[in-house]
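Everything on this sheet refers to the single structure shown next.
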Amino acid sequence: MESKLEIKNDFWGELDLDGVITIASRLKRLSDLFYQQVQEVYDSRLRSFKTSWFSVLATIKREGVIDFKTLADKNNVSNSAISQVIRELENKELVDIKIGLDKRSRLISLTPKGDKILSSIIPDLIDIESVLKDILGRDGSFLIKVLDKTEYKLRKSSFFDMLEISIDKYNTKDKDSFRELNMEWINEYFGSCEDFDISFFERPEDFTFNKGGFILLAKQNDKVIGSIALIPESKTSLEIAKLTTHKDFRRRGIAQKLLDSAIIFTQANSYKQITAHSNTCLKEAQKFYEKNKFESKPYQDDRYNRVDVIYSKKI
């Protein structure tokens, strides 16, 4: 899943407040407007009926007798929300509640008064449906399909699930994605890769796994969006290398997740120190390592011309 909205200097100025990102508030606004105007119809025709009762009473009418859980499921709401509506309907003598055969379930049915008041709004429902058909025209069926599809997908997998970042062990099938991800940031900041980068990308396992190190990848929906490599420097020290996040996914805490996972690996494998070779021009990296209590000092790395600082941390 790719980020569709990059963080820009004028983010709020360029944000489309009529676009899909505000769909929840717009649907809520439309729902409130719909409920308000339907209630105005009921009130003008002297119906003793509330819009919030409709879906519950209509479901009970269709089912005849129904238990609380099934009623909640059919209306896609919580048991507590259904209980609140049912209490109000019971106080109005519109529903009848009896204990089920298993003594635990409660069965709900319409009272004659409830059936009568529900029947009283049939002319109103016919009129409202006619008005809506005039408003929506051919778009009506399309709108219903879009809403059904949206609700189905969100109930199947939440925003949290779809945005969740997994930290996975490197696999050979990830080689191209790993290389492209890292070449992108190296070219972005330094113009080109160096010889050691090229050697590393050709045989990443030789520099990590085969020596007791590791490579971890951050993924979202199987797309590689971040990486960190751990290169053994000695029997007690590991070097952080190729720590990066795809530019479309920065400022989302992904680098921190990668570092936290790397530290767990470091501790589990009895390493005592972790280091990172970097450049002082990478201000965000500097802030990141300082935040994580790394110490820094000037450093020259024989493998890279770009390295001028080393960050280290005792584990």
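The values are calculated or read from the model by the stated rules, or taken from the named source; none is laboratory data. Bear in mind that the values here come from a model prediction, so they are computed numbers and not experimental data. Neighbour counts are summed over all protein chains in view; Cβ atoms, including those assigned to glycine, are modelled from backbone coordinates with ideal geometry.
Points worth noting:
- Any hit, the range 199-211, residues being part of a helix (DSSP H, G or I) and either small (Gly, Ala, Ser) or farther than 19 Å from GLU239 by Cβ (or both): yes
- Unique residue being modelled with pLDDT under 95 and in a helix (DSSP H, G or I) when the list is ALA72, ALA58: ALA72
- The range 191-236, residues that are within 16 Å of THR275 (Cβ to Cβ), buried (at least 17 other Cβ atoms within 10 Å of the Cβ) and hydroxyl-bearing (Ser, Thr, Tyr): THR208
- Residues of the range 59-73 classified as surrounded by fewer than 17 Cβ atoms within 10 Å (Cβ to Cβ) and either within 28 Å of the chain's Cα centre (by Cα) or more than 19 Å from ASP115 (Cα to Cα) (or both), total: 3
- The strands (runs of 3 or more DSSP E) falling completely within the range 213-315 that include 3 or more residues that are free of Cβ contacts under 8 Å to residues at least 24 places away in the same chain map to 295-298.
- When residues in the range 227-261 are screened for being of a type outside the set (A, V, I, L, M, F, W, C) and within 21 Å of ARG306 (Cα to Cα), 9 of them pass.
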